[in-house]
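One structure is given below, encoded as structure tokens.
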Amino acid sequence: MQEAITVLEKAEAVLMKRIRAMKDGSPKWAASARLNEIRSALKMIKMYEKGAAEFAAEQDDLLKEALMMNPPIAQA
């Protein structure tokens with residue numbers, strides 16, 4: 001996911017530079033709408049990564065707790 005974030009951030013920077021250079025009018029508003037979509041996608045991906053990391057940490061904690069309550073028995 002980091003690659004997608006990097007690509008979207010670069011696209012955002014390029015689009016912002018292009019919007020600054022444009023004159024007021026319809027193309028500028030269309031580019032602004034596209035920029036807002038890119039920013040929304042970035043927010044969504046970052047929220048997904050955060051949620052996935054929290055879920056993985058929670059699963060690790062549950063596994064640790066389960067192993068502490070029921071430790072594995074070694075058989076020789």
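Every number in this text was worked out from the coordinates using simple rules, so none of it is lab data. Just so it is clear, the structure is predicted and the values come from calculations on it, not from any experiment. Cβ sites come from the backbone with ideal geometry, for glycine too, and all protein chains shown count toward neighbours.
The conditions of being of a type outside the set (D, E, K, R), in a helix (DSSP H, G or I) and exposed (fewer than 12 other Cβ atoms within 10 Å of the Cβ) are met by Leu62.
Tell me the residue from Ala11, Ala21, Ala41, Ala30 that is surrounded by fewer than 10 Cβ atoms within 10 Å (Cβ to Cβ) and not aromatic (Phe, Trp, Tyr), please.
Values: Ala11 fails: surrounded by fewer than 10 Cβ atoms within 10 Å (Cβ to Cβ); Ala41 fails: surrounded by fewer than 10 Cβ atoms within 10 Å (Cβ to Cβ); Ala30 fails: surrounded by fewer than 10 Cβ atoms within 10 Å (Cβ to Cβ).
Testing whether each residue is surrounded by fewer than 10 Cβ atoms within 10 Å (Cβ to Cβ) and not aromatic (Phe, Trp, Tyr) leaves just Ala21.
Kindly provide the set of residues from the stretch 1-53 that are among the acidic types (Asp, Glu) and outside any helix (DSSP H, G or I), ordered by number. Matches in the stretch 1-53: Asp24 only.
Going residue by residue through the stretch 12-35, is there one that turns out to be closer than 17 Å to Gln2 by Cα and β-branched (Val, Ile, Thr)? Even if it seems obvious, please write down each step before you answer.
Taking the stretch 12-35 first, the residues closer than 17 Å to Gln2 by Cα are 12-13.
Imposing the further condition that a residue be β-branched (Val, Ile, Thr) reduces the set to none.
No - not one qualifying residue is present in the stretch 12-35.
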